[in-house]
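Below is one structure; the comments refer to it alone.
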Amino acid sequence: MSETGEAAAHLVVENVSKRYGRKPVLEGVSFSLAPGEVYALAGPNGSGKTTLIRMVTGLAFPTSGRVLMLGENIHEGGFAVRRHLGAVVEAPAAFYPYLTGRANLERLAWLSGLAGAAERIRDVLFALELVAVADQPVAGYSLGQRQRLGLAAAILARPKVLVLDEPTSGLDPDGIQKVHEILREQAASGVSVLLSTHHLREVSAYTDRVGILGGGRLIDEVVMEGASERHRLRVSEPDRALAVLQTLPFVDGVERKGEVLVARGPVDAIVKALVDDGHRVYEVTADYFDLYEYYRERIKHV
Ligand SMILES: Nc1ncnc2c1ncn2[C@@H]1O[C@H](COP(=O)(O)OP(=O)(O)OP(=O)(O)O)[C@@H](O)[C@H]1O
């Protein structure tokens with residue numbers, strides 16, 4: 001749950017469950033996104049990521065629970081709610097193949113009543129590096145160009161919530177970088193971004209939280225900021241140091257890995273506590289949090 005509180009949240013998924021016939025796909029999924037927050041959904045094939053994304057965008061209905069976008073129920077609010085939403089749910093997004101990329105965007109801008117459309121279209125085509133192909137029919141676009149046009153269309157009307165199912169699938173490394181750059185920029189300008197991904201190492205650099213789906217439930221939520229506050233410490237008498245750290249209230253988890261201790265918490269205070277207790281601290285290094293490794297451990301027994 002967002003620390004910002006639900007009143008300020010751009011998106012609230014509240015106890016959402018989904019069944020297809022008698023088959024439960026999702027059960028009691030809840031999370032929320034504050035303005036400017038990036039939330040990644042991860043989970044094995046078939047764990048329900050696409051189903052959840054389709055419900056968040058109003059394309060599918062929950063069997064129970066609800067989805068609020070800027071405080072309004074997405075399934076009941078009609079256009080008034082959906083105008084806050086930009087989404088790429090099907091990859092590649094559907095466009096009129098015989099129209100140019102620019103003409104497709106013009107059509108979408110017209111449908112959403114966007115003011116200053118020509119300039120905005122120029123800007124998004126530039127941002128997604130599509131200027132060179134903007135006036136060619138979409139039928140001739142590569143998969144990567146189509147994917148980028150999908151993202152251009154999603155951000156066109158300046159949504160407050162951006163929802164993307166696997167936004168980098170099928171893209172080359174440059175295309176992946178481009179998409180990540182755009183998502184970061186969107187988040188920095190206050191847009192809440194929800195995406196599903198199998199590429200955890202790629203997104204871990206800018207995701208605020210990661211929800212791990214398994215067996216139809218949200219089995220874990222990783223707060224990335226906290227996760228990066230881990231350090232490896234090489235100390236004298238690691239067993240005794242471990243016992244000391246375990247008693248400190250500001251240490252949010254500590255374990256021994258061979259000859260080093262891996263501790264989560266404010267590193268200055270941790271080192272001071274050890275030195276005060278008579279330990280020698282030989283080495284302190286930031287412990288790179290490997291989201292992918294963590295994810296693999298978490299889903300092992302699902
Ligand atoms: N329309 C449907 N009717 C019946 N079952 C469905 C339907 N849509 C999805 N499912 C089932 O729901 C489960 C979750 O599917 P979903 O596509 O949401 O998973 P996913 O996490 O997005 O998978 P992937 O990583 O492969 O994209 C699967 O078991 C799937 O077969």
>> Restricting to the stretch 14-52, count the residues that are in contact with an Asp or Glu (Cβ under 7 Å, 6 or more places away or on another chain), more than 24 Å from residue 297 (Cα to Cα) and within 13 Å of the ligand (Cβ to nearest atom).
In response: 1
> Does residue 149 fit the bill of being free of Cβ contacts under 8 Å to residues at least 60 places away in the same chain and part of a loop (DSSP other than H, G, I, E, B)?
Replying inline: no
> Of the residues 137, 167, which single one is in the same structural domain as residue 117 (by TED's automatic domain parsing) and either within 16 Å of the ligand (Cβ to nearest atom) or polar (S, T, N, Q) (or both)?
Replying inline: 167
> Which condition does residue 160 not pass, out of (1) loosely packed, with under 15 Cβ neighbours inside 10 Å; (2) touching a residue at least 60 places away in the same chain (Cβ under 8 Å); (3) among the basic types (Lys, Arg), if it passes all the others?
Replying inline: (1)
>> Quick check on the stretch 66-82. Is at least one of its residues within 16 Å of the ligand (Cβ to nearest atom) and assigned by TED's automatic domain parsing to the domain that holds residue 142?
In response: yes
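The values are calculated or read from the model by the stated rules, or taken from the named source; none is laboratory data. As the structure is a computational prediction, the values presented were derived from the model and not from experiment. So basically every Cβ, Gly included, is an ideal-geometry build from the backbone, and we count neighbours across all protein chains shown.
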